[in-house]
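Colleague: Following this message is one structure expressed as structure tokens.
Bear in mind that the values in this text are calculations on the coordinates, not laboratory data. Model, not experiment: these values are computed from the prediction. Methodologically, a virtual Cβ is constructed for each residue, glycine included, from the backbone with ideal geometry; neighbour enumeration extends over all protein chains shown.
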Amino acid sequence: MHDAMHTVAGDDSTDTTMESAPSEGERPWTSLPASVKRVWLLRSAIRDCSGALGCGIVALISHLAGWWTFWHGPVLMVAVVMLMADLATQPLRIRYAYAFNRYSIGPHDVMLHKGWLLRTTTTIPYNRIQHVTTKQGPLLRRFSLTAVELHTAVDEHEIAALDDDCATSIVNQISMRVLTSKDDV
């Protein structure tokens, strides 16, 4: 349960709000840090601009080598238009992806909820987790974020981004619960 106090500037009264406690069977879900939206947008911009640059390089090489035909122009233009349309729609898609991407760490398992159009909820029991790793590429590092991966015998599952300190804490928490669950078996 989380208590929050808000004070209005110039007003001595305080407004106390509390998140409702989860009822029996419900679990608290935790959202990713808001800065992950910028990481996702930058990744998309890099990917789409690289694709457009690749199309330009293909056009240049085809033209210089004498391979240019009638179909090169329309095909490359369609590719560039699709890449730019993808980039233009990213802010809206990222907004929805962020709203539906969350995780929950319970006493017996970790649950991951992903997707805004096609939603999936994955439950990973602690006794199935083999190891926990962290990933941090240049974009995540720039925004002080870390991805946490949970590895099972069959698959790997990812919490896309957490603040560095929170990621360390969660990795330690999950690792301890994994060890406890393995001892109970």
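Colleague: Between W68 and D164, what length in nm is gained on full extension when 0.36 nm per residue of separation is reduced by their alpha carbon distance?
Modeller: Difference between extended and current length: 29.6 nm.
Colleague: Going by average Cβ density within 10 Å per residue, which order do the peptides 55-68, 145-158 take, highest to lowest?
Modeller: My ranking of the peptides, most packed first, is 145-158, 55-68.
Colleague: Computed from the coordinates I sent, semi-axes √(5λ) of the Cα gyration tensor in Å equals one of [x] 42, 25, 15; [y] 33, 17, 14; [z] 28, 17, 15. Tell me the label.
Modeller: So the calculated entry is the one marked [x].
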